[in-house]
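Asker: Dumping the structure here so I can ask a few things about it.
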Amino acid sequence: MSFLDQIELKRVPEHVAIIMDGNGRWAAMRGNDRTFGHEHGVEAVRASIKAASKIGVKYLTLYAFSTENWNRPKFEIDALMTLLVHVIKAETDELNRNNVRLKIIGDRNSLPRRVIKETDKMVEKLSQNTGLTVVMALSYSSHWEIINAVKCIANDVKKGKINPEDISRERFHSYLSTAEIPDPELMIRTSGEKRLSNFLLWQLAYSELYFTPKLWPDFTEEDFFEIIFEFQQRERRFGKTSEQIKNLI
Ligand code: FPP
């Protein structure tokens, strides 16, 4: 029986975030260069978008490129940017047919012009859709995002738009790139690494974390369903006791 049949559709997380890791190792195991792994990673991106849509996830955030990834060899960066533009162009119609919206988060100014142009076009074309929103983190890191938010808040304080006393958790959240999106209930990282790598540090404060040894290009729809099923077996306490959560106290 597929894990899909065991998922309680009423308790599906609204927002799932994924660190897609292991493309390089997947390629090396096959005697190929890292780019080969990224190309095969696209199939796993498709599979997770399909799986998330199927069970009614509202937001799927994919860590596609971090601000630290700019330190990789130029050849790999160029190949990744070319792949991104290619995938964006090739997939727009299919995403549109599936009622998917797209949002990009990250340091836009550091992206090559062609990536900005194509992502803007795609975001616009899919903007009327009402199904799953794919949030692509591109040239993103939490440190960049939090520093950016602090700068904007400092500016607004300077202009007299807000008082320092008014800076609350909610107000801070409204300055993040995920301002209008609920925090992820679940974060998945592939490839066996167990760290957050500067990904959504604020937003993941109370998220369930799931680490799978599978390398990203091997990740399938069924893997996604299995993780959602496992998530539904967990008890989320948000600092409370188990008894409080079960309404015993
Ligand atoms: C991490 O694997 C993966 C990346 C840095 C890039 C992810 C990109 C894709 C899956 C391709 C296309 C994406 C979209 C959204 C269209 P790694 O290179 O760090 O692997 P390693 O840890 O084995 O070296």
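Asker: Kindly evaluate residue 244 against the criterion of being without any contact (Cβ under 8 Å) to a residue 24 or more places away in the chain, out of contact with any strand residue (DSSP E or B) (no Cβ under 7 Å at 6 or more places or on another chain) and not in a loop (DSSP other than H, G, I, E, B).
Answerer: Details: without any contact (Cβ under 8 Å) to a residue 24 or more places away in the chain: yes; out of contact with any strand residue (DSSP E or B) (no Cβ under 7 Å at 6 or more places or on another chain): yes; not in a loop (DSSP other than H, G, I, E, B): yes.
Yes.
Asker: If I go through the stretch 209-222 residue by residue, how many of them are crowded, with 19+ Cβ neighbours inside 10 Å and acidic (Asp, Glu)?
Answerer: Within the stretch 209-222, residues that are crowded, with 19+ Cβ neighbours inside 10 Å and acidic (Asp, Glu) number 1.
Asker: Would you be able to tell me the number of residues in the stretch 73-99 that are of a type in the set (Lys, Arg) and surrounded by 15 or more Cβ atoms within 10 Å (Cβ to Cβ)? If you could, list the steps in order and put the result at the bottom.
Answerer: Taking the stretch 73-99 and keeping what is of a type in the set (Lys, Arg), we get 74, 89, 97.
This time we only want the ones that are surrounded by 15 or more Cβ atoms within 10 Å (Cβ to Cβ), so: none.
So the answer is 0.
Asker: Of everything in the stretch 155-200, what is buried (at least 20 other Cβ atoms within 10 Å of the Cβ), of a type in the set (Gly, Ala, Ser) and more than 16 Å from the ligand (Cβ to nearest atom)? Give them in sequence order.
Answerer: Correct list: 177 only.
Asker: Looking at (1) exposed (fewer than 14 other Cβ atoms within 10 Å of the Cβ); (2) among the small types (Gly, Ala, Ser); (3) in a strand (DSSP E or B), which one does residue 137 not meet, given that it meets all the others?
Answerer: All conditions pass for residue 137, except number (1).
Asker: Looking at the stretch 140-154, which of its residues are surrounded by fewer than 14 Cβ atoms within 10 Å (Cβ to Cβ), within 30 Å of residue 88 (Cα to Cα) and not hydrophobic (A, V, I, L, M, F, W, C)? Step through it out loud before you land on a result.
Answerer: Keep residues of the stretch 140-154 that are surrounded by fewer than 14 Cβ atoms within 10 Å (Cβ to Cβ), which gives 143, 147, 150-152, 154.
Among the residues that remain, those that are also within 30 Å of residue 88 (Cα to Cα) are: 143, 147.
Across the stretch 140-154, the qualifying residue is only 143.
Asker: Could I ask something else about it? Counting just the residues of the stretch 201-241 that are part of a loop (DSSP other than H, G, I, E, B), under 25 Å from residue 179 (Cβ atoms) and touching a strand residue (DSSP E or B) at 6+ places or on another chain (Cβ under 6 Å), which one comes out nearest to the ligand (Cβ to nearest atom)?
Answerer: Of the residues in the stretch 201-241, the ones part of a loop (DSSP other than H, G, I, E, B) are 201-207, 212-215, 219-220, 234-241.
Next, from what is left, pick out any that are under 25 Å from residue 179 (Cβ atoms): 201-207, 236, 238-239.
Still in the list and also touching a strand residue (DSSP E or B) at 6+ places or on another chain (Cβ under 6 Å): 204, 207.
Values: 204: 18, 207: 20 Å.
If we take residues in the stretch 201-241 being part of a loop (DSSP other than H, G, I, E, B), under 25 Å from residue 179 (Cβ atoms) and touching a strand residue (DSSP E or B) at 6+ places or on another chain (Cβ under 6 Å), then 204 is nearest to the ligand (Cβ to nearest atom).
Asker: Condition (residue is touching a helix residue (DSSP H, G or I) at 6+ places or on another chain (Cβ under 6 Å) and closer than 27 Å to residue 204 by Cβ) applied to the stretch 59-66: is it met by at least one residue? Spell out the reasoning first.
Answerer: So the first thing to find is which residues in the stretch 59-66 are touching a helix residue (DSSP H, G or I) at 6+ places or on another chain (Cβ under 6 Å), and the list is 60.
Next, from what is left, pick out any that are closer than 27 Å to residue 204 by Cβ: 60.
Taking every residue of the stretch 59-66 in turn, at least one turns out to be touching a helix residue (DSSP H, G or I) at 6+ places or on another chain (Cβ under 6 Å) and closer than 27 Å to residue 204 by Cβ.
Residue-wise test of (1) within 23 Å of residue 29 (Cα to Cα); (2) basic (Lys, Arg).
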residue: 169; (1), (2): no, yes
residue: 174; (1), (2): no, no
residue: 178; (1), (2): no, no
residue: 188; (1), (2): yes, no
residue: 194; (1), (2): yes, yes
residue: 198; (1), (2): no, no
residue: 203; (1), (2): no, no
residue: 206; (1), (2): no, no
residue: 211; (1), (2): yes, no
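Read the figures in this text as sums done on the coordinates, not as results from a lab. Note that the structure is predicted; figures quoted are calculated from it, not measured. Every residue, glycine among them, receives a Cβ derived from its backbone with ideal geometry; neighbour counts consider all protein chains shown.
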